[in-house]
Amino acid sequence: MYLALYRKYRPTTFDGVIGQEHITTSLKNQIKNNAISHAYLFCGTRGTGKTSVAKIFAKSINCENPVNGSACGKCATCQALNDPSNLDILEIDAASNNRVDEIRELREKVKYPPVNGKYKVYIIDEVHMLTDSAFNALLKTLEEPPKHVVFILATTEVQKLPATILSRCLRFDFKLVGIGDLEKHLKYIFNDSNIKYEDSAVSLIARLGEGSVRDTLSVADMCVAYTNKNITYDAVLNAVGAIDKTVLGTLAGHILKGDVHNLLNQLNIIIEKGKNISQIAKDLANYFRDLAVVKTCENFNEILKYPETFVETLKIQANNVSIDIILKALKTFSALDNEFRLTTNPRIVLEVASLNLCDEIKNFVSLENRVEALEQKKPQTINVGAVSQPEVIIKNPTIQPDEKTLFGKLLVSLRKKNEVMLIALLGENTNFVLNNNVLTLHSSNEQEFKTLTKPDNLKILNDTMNEIENGVKVSVEFKEEKKQPSIEEMLKEKFGNDLKID
Ligand SMILES: [Zn+2]
């Protein structure tokens with residue numbers, strides 16, 4: 001019979017617990033110093049080891065000869081407690097025993113001393129599921145616990161616990177397990193079980209586990225079942241139904257280019273092949289996360305651990321796109337998980353989000369280009385010339401803010417903030433001048449001027465400018481465009497109003 005890896009490799013000592021040294025060390029010390037509390041609270045995401053540690057702790061405080069703080073597994077008490085039907089370590093799932101009657105019953109039983117060791121241990125899993133009255137009943141027991149009783153409350157949602165419970169427990173926060181620790185653990189297990197593996201496959205499994213030992217090992221279980229004891233990178237992708245990175249790379253390429261037509265086509269092909277929509281969104285989010293890593297970290301492949309050929313593709317793509325755009329895409333696809341829960345048609349949600357993103361990227365790129373063009377124009381055409389130059393007060397003489405750069409950056413920041421209307425108002429035709437650290441925008445359209453000078457809009461403009469260049473203010477002035485005077489006016493100017501023109 002195949003025993004799931006998670007069960008087969010469940011730790012039996014503190015030293016076997018992965019990635020929670022900050023907790024196991026203090027618990028071992030409490031046992032060594034014989035300073036056991038009556039109530040513990042274990043908080044943290046699922047699969048991080050709360051129940052495993054609770055069980056190890058329960059056995060270890062009872063063991064007759066603990067080895068390095070953990071139960072020896074050999075003494076009479078250890079052997080008695082290893083029997084799952086023992087009456088001294090009781091596991092209660094609060095999700096299914098959440099009523100006050102059940103907690104009252106527990107309070108009755110608490111009185112009886114342990115059968116085997118020194119302590120009777122109650123492990124209450126998912127304790128946040130208890131009803132209010134059940135909490136109150138539990139609280140009474142926690143207030144005056146019999147000497148021989150230890151409570152270990154475990155929860156994934158500590159914010160749902162009443163303060164009265166929190167204040168009576170010694171709290172330990174379990175953290176997500178790091179990729180490195182998970183990889184080490186997987187390799188140990190694979191070696192121990194005579195399973196062959198590629199390093200890149202192990203990294204991928206560890207990443208798919210998202211910090212949970214249990215989830216990591218269930219992915220590993222799927223892969224073992226799928227591959228017959230030889231785990232390759234591709235096999236992992238197939239086993240979990242994740243999309244091949246090359247396909248993702250092409251998909252991401254379409255998004256970055258704003259190529260809506262090919263994007264929709266390829267999405268269609270992937271979906272037709274039966275890939276799960278939310279998995280596609282997840283894979284895309286991970287892909288853009290990888291791009292962000294490549295873009296920002298020098299040692300990116302120590303972090304990503306991908307096959308070489310694939311890293312090249314990532315590098316090329318990352319070089320051709322700004323980090324702002326990568327983050328925008330990452331944000332879009334990671335936010336979809338919530339939306340999928342609220343819709344009956346996830347496909348449309350994914351498509352609409354992708355299309356909006358394409359559009360945003362196109363606009364953003366054109367803005368970036370505009371700013372770049374403005375910045376490049378700077379040295380040749382300083383048209384404010386001698387009048388304003390000497391008056392410019394410069395905070396930092398090595399970086400001189402000039403009006404074109406400032407105006408361009410203002411547009412980009414407004415775009416980032418999605419201030420579409422302000423961008424439209426500031427459009428191509430706005431003139432601007434920097435004087436005494438005030439960037440004055442000249443509007444020649446009365447309606448536009450009125451809108452721009454509304455207090456709310458002025459505040460946005462000034463706040464945004466302040467983020468770009470501290471100390472620079474924005475003001476808006478109405479300036480009628482100088483019309484070319486008519487010939488009649490020119491003549492009148494010259495000869496006076498007496499002139500008669502037929
Ligand atoms: Zn023992």
Q) From the Cα gyration tensor of segment 39-128, with a ≥ b ≥ c the square roots of its eigenvalues, which class applies: rounded if a/c is under 1.5, or else prolate if a/b is larger than b/c, or else oblate? A) oblate
Q: Would you work out which of Asn363, Thr13, Leu411 lies farthest towards the positive end of the dipole of the chain, given +1 charges on the beta-carbon of Lys and Arg and -1 on that of Asp and Glu, about the Cα centre?
A: Thr13
Q) Asp244: net charge of surrounding residues, Cβ under 10 Å, Lys/Arg +1, Asp/Glu -1, itself excluded? A) -1
Q: Taking a cut-off of 16 Å between Cα atoms, list the lysines near Lys473, but don't count ones fewer than 8 places away on the same chain.
A: Lys395, Lys404, Lys409, Lys454, Lys459
Q | Cβ-defined net charge surrounding Leu439, 12 Å radius [Lys, Arg +1; Asp, Glu -1] | A | -1
Q.
Projecting each Cα onto the charge dipole of segment 179-240 (Lys/Arg +1, Asp/Glu -1 at the beta carbon, about the Cα centre), which of Ile231, Thr216, Leu182 comes out farthest on the positive side?
A. Ile231
Q | Residue-by-residue Karplus 3J(HN,Hα) for segment 159-164, coefficients 6.51, -1.76, 1.60, Hz, glycine and proline x | A | 5, 8, 8, x, 4, 4
Q: Apply the Debye scattering formula to segment 179-240, with a single equal point scatterer on each alpha-carbon and no solvent, then give log10 I(q)/I(0) at q = 0.14, 0.17, 0.25, 0.30 Å⁻¹.
A: -0.28, -0.43, -1.00, -1.49
(Q) Please list the three semi-axes, largest first and in whole Å, of the ellipsoid equivalent to segment 10-79, using sqrt of 5 times the eigenvalues of its alpha carbon gyration tensor. (A) 19, 14, 11
Q. Given the alpha-carbon gyration tensor of segment 245-362, what are the semi-axes of its equivalent ellipsoid in whole angstrom, ordered largest first, with each equal to the square root of 5 times an eigenvalue?
A. 23, 15, 14
Q | Built amide H within the under 5 Å cut-off of Glu477, gap 5+ | A | Leu441, His442, Ser443
Q: Report, in debye and to the nearest 20, how large the dipole of the chain comes out about its Cα centre when Lys and Arg carry +1 and Asp and Glu carry -1 on their Cβ.
A: 1660 debye
Q: Identify, among Ile348, Gln317, Leu336, the residue whose Cα sits farthest towards the positive end of the charge dipole of the chain, taking +1 on the Cβ of Lys and Arg and -1 on the Cβ of Asp and Glu, with the dipole about the Cα centre.
A: Leu336
Q | With eigenvalues of the C-alpha gyration tensor scaled by 5 and rooted, segment 5-173, Å | A | 24, 19, 15
Q) Counting only residues 5 or more places away or on other chains, whose amide H sits under 5 Å from the amide H of Arg171 once H atoms are built in the peptide plane? A) Leu41
**Q.** Karplus-derived HN-Hα couplings along segment 462-471 (A = 6.51, B = -1.76, C = 1.60, θ = phi - 60°), whole Hz, x at Gly and Pro
**A.** 6, 4, 5, 4, 4, 5, 7, 9, 4, x
Q.
Once each part is reduced to its C-alpha centroid, what is the distance from segment 1-75 to segment 128-168 in angstrom?
A. 21 Å
Q. Cα-based Rg of the chain per 2.2 N^0.38 Å, rounded to two decimals?
A. 1.43
Q.
Run lengths n ≥ 4 of DSSP H only: what is the helix-derived mean residue ellipticity at 222 nm for the chain, with -39500 (n - 2.57) per run over all residues, to the nearest 500?
A. -17000 deg cm²/dmol
Q.
Among DSSP bridges having both ends in segment 5-173, what percentage is antiparallel? Round to the nearest 5.
A. 5 percent
Q.
Let me spell out the model: positive unit charges on the Cβ of Lys and Arg, negative unit charges on the Cβ of Asp and Glu, origin at the Cα centre of segment 179-240. What dipole size does that give, in debye rounded to 20?
A. 120 debye
Q | Summed residue charge, Cβ within 9 Å of Ala154's Cβ, Lys/Arg positive, Asp/Glu negative | A | -1
**Q.** By average C-beta atoms within 10 angstrom, highest first, the peptides 113-125, 238-250, 298-310
**A.** 113-125, 238-250, 298-310
Q. Using alpha carbon centroids, what distance separates segment 101-118 and segment 445-471, in Å?
A. 69 Å
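Each value in this text was obtained by applying a stated rule to the coordinates, not by laboratory testing. Treat the numbers as computed from the prediction; the structure is a model and nothing was measured. Glycine gets a Cβ as well: all are built from the backbone with ideal geometry, and neighbour counts include every protein chain shown.
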